[in-house]
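See below for the structure under consideration.
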Amino acid sequence: MRIGIFGTGAMATALGTHWTNAGHELRVAGRGRWAEVAAFADAVLLAIPADAVFEVLPQAGPLRGKVLIDCTNQPGPTGTEPPPGTPVATRIAAAAPGAHVVKAFNLASADVWRKPPATLTVPLCGDDPAALDAVRTLVRDVGCTPVLGGGLDRAHLLEATAAFAIGLWFAGEDAQAILVSADG
Ligand SMILES: NC(=O)c1ccc[n+]([C@@H]2O[C@H](COP(=O)([O-])OP(=O)(O)OC[C@H]3O[C@@H](n4cnc5c(N)ncnc54)[C@H](OP(=O)(O)O)[C@@H]3O)[C@@H](O)[C@H]2O)c1
């Protein structure tokens, strides 16, 4: 797959390293070259702050038919709540008509993505079957198991889940422990 990454930070590096190792072709854009990288790519990882996404998308050229992977988390006013209003993934879909948005990779930290446990399951929310298949491949190439979380209309649940977990981490709690099953 030809993968574009917007952003050169922690998430771009962590996920991009796995995808390069899996044999994908990668081009990365940081503070420019958005349109060049988007034109090259079948799938673009938006690894920049959520607010920045809406500054960058208008500069990214035609995105119709591209898979846009939204891994963003946007902290609300307290830093540990989802922001009020329309979910980021929904706003991305509105800002990039014809693109296929898939929300994924937002629930674990970049440190986890660098070396994820093989047991890690990655929920995806999106509407386009081919785009979801492409992101399933990219999840497997990171060494994890994809699971369908529903359509893009459920992406707000992933955004809220991340905000809830981040709130627990900020409070010094073990966010993972809240979802342990009866047999451990
Ligand atoms: N880090 C995590 O653990 C984690 C986990 C899940 C989801 N996420 C989400 O993933 C996304 C990327 O996070 P990250 O941790 O990789 O961030 P990061 O390490 O801080 O990197 C952010 C990248 O975005 C660029 N950027 C910042 N503001 C920009 C702007 N206004 N216009 C264009 N580019 C801009 C930065 O460029 P410069 O270097 O030039 O500033 C950098 O390349 C965020 O939406 C975050 O919520 C992060």
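The values are calculated or read from the model by the stated rules, or taken from the named source; none is laboratory data. On a predicted model such as this, the values are computed, not experimentally measured, just so you know. In this analysis, Cβ positions are derived from the backbone assuming ideal geometry, glycine residues included, and neighbour counts consider all displayed protein chains. Side chains included, ligands, DNA and RNA excluded: accessible areas come from the protein's heavy atoms. Shrake-Rupley method; radii C 1.70, N 1.55, O 1.52, S 1.80 Å.
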Item to complete: Please specify each residue of the stretch 1-32 satisfying the condition of being open to solvent by 40 Å² or more (accessible area, probe 1.4 Å), more than 8 Å from the ligand (Cβ to nearest atom) and more than 21 Å from ALA60 (Cα to Cα).
Response: THR17, THR20, ASN21, ALA22, GLY23
Fill in: First in the stretch 105-121 and among the aromatic types (Phe, Trp, Tyr), second anywhere and near the ligand (Cβ under 7 Å from one of its atoms) and assigned to a loop (DSSP other than H, G, I, E, B), Cβ under 6 Å, 6 or more apart
PHE105/CYS71
Worksheet, complete the sentence: If we ask which residues in the stretch 33-69 are open to solvent by 10 Å² or more (accessible area, probe 1.4 Å), in contact with a Gly (Cβ under 7 Å, 6 or more places away or on another chain) and within 15 Å of the ligand (Cβ to nearest atom), their number turns out to be 3
Fill in: Matching option when the condition is under 15 Å from the mean Cα position of the chain (by Cα), open to solvent by 60 Å² or more (accessible area, probe 1.4 Å), modelled with pLDDT of 95 or more and of a type in the set (D, E, K, R), among ARG136, ARG114
ARG114
Worksheet item: Quick check: anything in the stretch 68-80 farther than 25 Å from TRP169 by Cβ, out of contact with any Cys (no Cβ under 9 Å at 6 or more places or on another chain) and part of a loop (DSSP other than H, G, I, E, B)?
Response: no
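To keep it simple, each residue is scored yes or no on (1) buried (at least 18 other Cβ atoms within 10 Å of the Cβ); (2) in contact with a helix residue (DSSP H, G or I) (Cβ under 9 Å, 6 or more places away or on another chain).
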residue	(1), (2)
VAL102	yes, yes
ASN106	yes, yes
LEU148	no, yes
TRP169	no, yes
GLU173	no, yes
ALA182	no, no
Worksheet item: Pairs under 7 Å by beta carbon, first residue within 22 Å of GLY85 (Cβ to Cβ) in the stretch 41-60, partner more than 7 Å from the ligand (Cβ to nearest atom) and part of a loop (DSSP other than H, G, I, E, B), six or more apart or different chains?
Response: LEU57/ALA96
Worksheet entry | Every residue from the stretch 2-20 that is in contact (Cβ under 8 Å) with a residue 24 or more places away in the chain and in a helix (DSSP H, G or I) | ALA10, MET11, ALA12, THR13, ALA14, LEU15, GLY16, THR17, HIS18, TRP19
